[in-house]
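Here is the structure we will look at, set down as structure tokens.
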Amino acid sequence: MKIYQQTAELLRKQILDQQLRPGDPLPSIRELSTRLNIGRNSVIHAYMLLEDEQLIEPRPRSGYYVRARPLSPNTSARPEPRRVELGATALEIIGAAQNARLVPLGSADPEAHGSAREYFYRRLSRHARDAASTSSGNSHYVAPPGLHDLRAQLARRFNSTLVQAGADDIVITNGAQEAITLALLALARPGDTLAVESPCYYGTLQCIEALGMRALEIPSHPQHGMDMEALSEALTCWPVKAILTNPSFSNPTGACSPVADRQALLRLAAEHDLPIIEDDVFGELYHQGSRPAPIKAFDTQGRVLLCSSLSKTLDSDIRIGWIMPGRYFEQVNYLKYVTTLASPGILQRAGADFLADNRYERHLRQVRRRYQARLGLLLEAIYQYWPAAAVPLTPKGGFLCWVELPIGFDGDQLYRDAQQAGIGITPGSLFASDMRFSHCIRLNYSTFEATPYYLQAIKTLGELIRRQLSTPLPGEPSGHY
Ligand SMILES: Cc1ncc(COP(=O)(O)O)c(C=O)c1O
């Protein structure tokens with residue numbers, strides 16, 4: 001056993017024996033290396049190992065702490081296909097984002113800021129002026145697959161992410177949501193089963209619900225995404241039509257699956273002859289390092305349908321999305337025509353101009369840094385104002401933070417209490433077909449700052465959480481945690 005493994009084993013034992021208790025700080029790297037007379041690198045490696053095992057967690061500028069408890073769904077049942085019935089709460093949350101009186105920690109919208117965004121809207125108004133001054137002949141649709149110039153610009157960007165693409169491989173859609181819907185319509189019928197990760201973005205679950213399909217919810221690791229072993233086992237038990245995954249900074253946990261898992265997923269899909277719907281809306285929003293190569297980059301058989309949009313990187317109101325459907329191009333293109341005929345040409349023209357300019361790359365570089373910094377500020381505020389029983393994940397990309405509370409905690413109640421207090425959050429119950437994540441919540445930190453406005457909101461949420469934790473459950477004499 002190497003020194004770092006021995007060190008990890010020592011600490012693991014102390015944590016499991018409760019000598020180190022949930023919420024306890026671990027010694028600093030310097031302190032432990034002096035105390036054990038070992039190199040600092042060995043301590044760092046040991047801490048990384050324990051972090052991977054979910055036993056400890058780093059806190060910004062404060063060191064490592066023992067986690068409150070391993071991340072766990074509210075059930076240990078093996079996955080089986082289920083009907084989805086999520087109801088209208090999700091629509092309420094998206095609607096609430098328009099309510100300027102709510103602190104915006106709920107709906108998954110990016111910040112609306114910056115010169116790149118302004119540039120997009122300037123190009124749009126230019127095209128609107130051109131359209132207004134052209135008054136001869138007929139108007140016309142920009143028929144699917146959509147404006148060639150926009151598709152060519154997207155293909156150029158795809159090529160820089162290791163995905164080989166030409167303009168003719170892409171269909172323009174109204175956001176990624178339409179791309180996912182078209183993929184599902186092309187691949188499955190009512191009653192069919194789709195494998196999804198769990199927790200899963202509720203928009204995907206609701207699409208499955210609306211199309212009368214079933215979700216097979218595969219457990220997902222908070223850092224590494226869909227569990228390949230669980231998926232492999234489930235595929236041998238259930239007749240699945242497609243695998244739907246959000247592998248790069250998933251909504252809600254921010255998990256990012258390693259390259260080896262992406263390749264394993266493709267092997268599994270090939271073994272069972274299945275398509276993969278890859279939702280890549282957060283792929284560009286890595287906080288550090290480089291962009292994770294989409295699964296599509298490893299796909300030599302055209303079985304991946306990659307869906308994305310400008311909604312998370314630029315502005316969710318722009319509604320420019322796309323799908324690269326591989327061998328399913330004809331079906332998807334035809335379905336785009338049948339369902340919405342075309343996407344607005346004026347948006348596509350502005351989108352093509354926008355992507356031809358290098359402002360977007362600059363914008364992405366800036367926004368990645370800002371989201372990383374804001375995550376740090378949010379986590380600091382949570383550690384300061386919330387009880388240790390609330391365990392936030394530390395995503396490596398995107399702008400969403402998943403927080404787990406003790407099993408039995410009612411995230412829906414917190415959602416309602418927060419609304420009353422003027423704060424938007426998203427309850428965890430929306431991210432599964434049953435109540436397995438009802439003890440969790442999701443926060444959006446895309447605009448979070450350490451200002452009185454946001455800090456007061458986090459403080460209030462902390463008080464609401466404490467109040468609920470100290471309220472006895474029915475039939476219990478005192479607080480249940
Ligand atoms: C993971 C994920 N996929 C797709 C969408 C839908 O994106 P769009 O606004 O491009 O339709 C969202 C929106 O929140 C999302 O979080």
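Quick notes on this structure:
- Condition met for PRO219 (within 16 Å of the ligand (Cβ to nearest atom) and under 20 Å from GLU80 (Cα atoms)): no
- Filter result for the condition that a residue is of a type in the set (S, T, N, Q) and either within 19 Å of the chain's Cα centre (by Cα) or in the same structural domain as PRO199 (by TED's automatic domain parsing) (or both), over THR394, THR460: THR394
- Extreme residue, nearest to the chain's Cα centre (by Cα), among residues of the stretch 159-211 that are within 16 Å of the ligand (Cβ to nearest atom), assigned to a strand (DSSP E or B) and not small (Gly, Ala, Ser): GLU197
- When the test is whether a residue is modelled with pLDDT of 90 or more, out of contact with any strand residue (DSSP E or B) (no Cβ under 7 Å at 6 or more places or on another chain) and of a type outside the set (Phe, Trp, Tyr), PRO70 does not pass it.
- Residue within the stretch 376-383 that is buried (at least 17 other Cβ atoms within 10 Å of the Cβ), in contact with a Ser or Thr (Cβ under 9 Å, 6 or more places away or on another chain), in contact (Cβ under 8 Å) with a residue 24 or more places away in the chain and charged (D, E, K, R) present: yes
A quick yes/no check of all residues on (1) under 16 Å from ILE172 (Cα atoms); (2) surrounded by 20 or more Cβ atoms within 10 Å (Cβ to Cβ):
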| residue | (1), (2) |
| --- | --- |
| ARG262 | no, yes |
| ALA269 | no, yes |
| GLY283 | no, yes |
| GLN288 | no, no |
| ARG303 | no, yes |
| TYR328 | yes, yes |
| LEU335 | yes, yes |
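- Options ARG156, ARG151; residue that is in contact with a helix residue (DSSP H, G or I) (Cβ under 6 Å, 6 or more places away or on another chain) and under 15 Å from TRP322 (Cβ atoms): ARG151
- Flag for TYR286 being modelled with pLDDT of 95 or more, within 16 Å of the ligand (Cβ to nearest atom) and in the same structural domain as PRO104 (by TED's automatic domain parsing): no
- Consider the stretch 107-123 and keep the residues that are over 15 Å from ARG362 (Cα atoms) and within 16 Å of the ligand (Cβ to nearest atom). The one that is surrounded by the fewest Cβ atoms within 10 Å (Cβ to Cβ) is ALA112.
- Single residue of LEU364, LEU400, LEU310, LEU393 found to be at pLDDT 95 or above and either surrounded by fewer than 24 Cβ atoms within 10 Å (Cβ to Cβ) or among the polar types (S, T, N, Q) (or both): LEU364
- Residue pairs meeting the criteria (Cβ under 6 Å; at least 6 apart or on separate chains; first assigned by TED's automatic domain parsing to the domain that holds HIS287, in the stretch 254-269; second part of a helix (DSSP H, G or I) and not hydroxyl-bearing (Ser, Thr, Tyr)): ASP261/MET228; ARG262/ILE295; GLN263/PHE298; ALA264/MET228; LEU266/PHE298
- Some residue of the stretch 125-141 being over 27 Å from LEU306 (Cα atoms), surrounded by 15 or more Cβ atoms within 10 Å (Cβ to Cβ) and at pLDDT 95 or above: yes
The values are calculated or read from the model by the stated rules, or taken from the named source; none is laboratory data. As the structure is a computational prediction, the values presented were derived from the model and not from experiment. When we count neighbours, we look across all protein chains shown, and the Cβ atoms used for this are built from the backbone with ideal geometry, even at glycine.
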